[in-house]
Amino acid sequence: MLTGEPNVGKRRTGSEYNCFPTVVTEPLPPPPAGVNHGRKRHYNEHSARAVKRQRLNPSPTSSPTWIPHSNLAVGEPSTFAPVGSERFHSSPPNTEVLTEPQNLTSLRVFVKDKLSGQMVDLFEACQQQTSDLDRKEACRARLQVDIQKQFPESRLYLTGSSMSGLGCRSSDADLCLVVTGNRRPHPMDVLCQLQRDFRSLSYLVRIQLIKAKVPILKFKERGSFLEFDLNVNNTVGIRNTFLLRTYAYADVRVRPLILVVKKWARHHQINDASKGTLSSYTLVLMVLHYLQTLEQPVLPSFQKTHPECFDPLMDIDEVPDGPRHVRPYTSTNQSSLGELLLGFLRYYATRFSWDKQVISVRQATILPKTNSKEWRNKFICVEAEPFEGSNVARAVHEKIKFDAIKKCFSESYQMLNERKDLASILALRAIINEELARR
């Protein structure tokens, strides 16, 4: 069996799983407290522990470095987590720094053909830059000050692809407002109030309330490309952000492959859950599942190997620290980026049984499609990760949209298999030029 083909039926042994070796710089701090294995640790919601600023800057270092601090900025979660080409720090003078666990030099090891080289070129042009995240953080910090005038017992978190390492220059910024207190208001009540308040803020434009299962407030920053989606108390998004970050940096091929798949889906217009196709989150889980189920897996299931690091009962303030306790993982799979992309398309075009199987990243396997409410009469079944059992692909509820998605996988696989040219399945040069124009 080829290394690019899933093998979901085999049992696999994993030795030591971890994405981020840790190097501590001087002065040496006391070791951070370990994960509490599900026992909640209680803090004052506005203690120093609960607040800090998130900033990102490039670093040539290839191993994460942690420098502790005692005074954190107001309203933030702890942000120790793998960040790739970025590092976090709080407001000066105290800093917590995390540098890049991997770099593009190691990525080049997996560039063995023209297709792989094209994928790296696209990734380098499109990946989120430090300046992009700095702008998002600056707006988040400014918003938090204004929001706390109305909701003093609240904290604003930057979540989603901006923080997971899976974002690109054109990615929207996801925000989660955590409102605490004895009587929590309904999310829609909060969003309606914020919609009124935001209209008086000169730095925000195009404010729109979207009523959905998870309602959001959409808005743009005046004079920039930045677009924001703000939800209230959807804390599972914070947990998912740091779980996905763990997967994103477990292997140097993960982020480029996911970015290319996202761009491919956008080019073929199958990447919008509001229009009955696949959400970005669903696409990410589909890629992770494929990488987990190869004969030589690229990824394990970190929820299975390190459940204590992703405990759903863990305090939100502790969630960003979870990945620090994940042990090293090294894949024996040496497939090139191009081979993995072709294998991904082949898997969903010819191997995966849409009508019989459920994708599970949590279990690193496929599950049988049962007659339960979540899977019954659903065209695509992708288990939500890691804290809910719902189907994140439930937006695909029309057969015509489902058929269009399957057709995209089939035709793209055939075209790419024949030509081995990324430009045959997406507008490579146009996408790169669009992203470069944002610099």
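When only DSSP loop residues count, what GluC sites (Glu not before Pro) in the range 287-344 have their Cβ near at most 16 other Cβ atoms within 10 Å?
Loop-located and lightly packed - GLU295.
Once the other residues with Cβ under 10 Å from the Cβ of ASP355 are scored (Lys, Arg +1; Asp, Glu -1), what is the net sum?
+3
Using the heavy atoms of the protein chains and a 1.4 angstrom probe, tell me the accessible area per residue for the range 219-307 in square angstrom.
Heavy-atom SASA per residue in the range 219-307 reads 27 Å².
So for the range 172-256, taking the charge dipole from beta-carbon charges (+1 Lys/Arg, -1 Asp/Glu), which of VAL214, TYR249, LEU175 sits furthest toward the positive end?
Ranked along the dipole, the leading option is VAL214.
So how much accessible area does SER274 have, in Å² to the nearest 10, using a 1.4 Å probe?
Taking all protein chains as shown, SER274 has close to 100 Å².
Taking square-rooted eigenvalues a ≥ b ≥ c of the alpha carbon gyration tensor, is the range 206-329 rounded, prolate or oblate, where a/c under 1.5 means rounded and, failing that, a/b exceeding b/c means prolate?
oblate
Enumerate by residue number the trypsin sites (Lys or Arg not before Pro) in the range 101-204 meeting two conditions: DSSP loop (anything except H, G, I, E, B), and at most 13 other Cβ atoms within 10 Å of the site's Cβ.
ARG183, ARG199
Would you mind checking the pairs LYS262/LYS407; LYS218/LYS275; LYS304/LYS378; LYS275/LYS399; LYS149/LYS218 and listing those with alpha carbons more than 24 angstrom apart?
From LYS262/LYS407; LYS218/LYS275; LYS304/LYS378; LYS275/LYS399; LYS149/LYS218, over 24 Å: LYS304/LYS378.
Sort the range 321-378 into rounded, prolate or oblate with this rule: let a ≥ b ≥ c be the square roots of the eigenvalues of the Cα gyration tensor; rounded if a/c is under 1.5, and if a/c is not under 1.5, prolate when a/b is larger than b/c, oblate otherwise.
oblate
Label ALA138 and ARG199 with points 7 Å out from Cα along Cα→Cβ: what is the distance between them in nm?
Roughly 2.8 nm, to one decimal.
Go through the range 177-186 residue by residue and turn each phi into a ³J(HN,Hα) via Karplus (6.51, -1.76, 1.60, θ = phi - 60°); whole Hz please, and just put x for glycine and proline.
Using θ = phi - 60°, the values come out as 8, 9, 9, 10, x, 5, 10, 7, x, 5 Hz.
ILE400 versus LYS112, label points 7 Å from Cα toward the beta carbon: distance in nm?
4.4
Find the centroid of the Cα atoms in the range 147-198 and in the range 342-358, then give the distance between the two in whole Å.
Using only Cα atoms, the two centres lie 36 Å from each other.
Calculate, in nm to one decimal, what ALA212 and GLU411 gain on full extension: separation in residues at 0.36 nm each, minus their alpha carbon distance.
68.4 nm
To the nearest 10 square angstrom, what accessible area does THR365 show with a 1.4 Å probe?
30
Taking a ≥ b ≥ c as the square roots of the Cα gyration tensor eigenvalues, with a/c under 1.5 meaning rounded and otherwise prolate when a/b beats b/c, else oblate, which class fits the range 108-437?
Taking the square roots of the gyration eigenvalues as a ≥ b ≥ c, the range 108-437 is prolate.
Probe radius 1.4 Å, ligands and nucleic acids ignored: give me the carbon and sulfur share of the accessible area of the range 108-437 as a rounded percent.
Carbon-and-sulfur percentage of accessible area, whole number: 49.
The values are calculated or read from the model by the stated rules, or taken from the named source; none is laboratory data. Worth saying up front: this structure is predicted, and the values here are computed from it rather than measured. No Cβ is skipped: glycine too gets one built from the backbone with ideal geometry, and neighbour counts run over all protein chains shown. Protein only, heavy atoms only, side chains kept; ligands, DNA and RNA dropped before computing areas. Shrake-Rupley method; radii C 1.70, N 1.55, O 1.52, S 1.80 Å.
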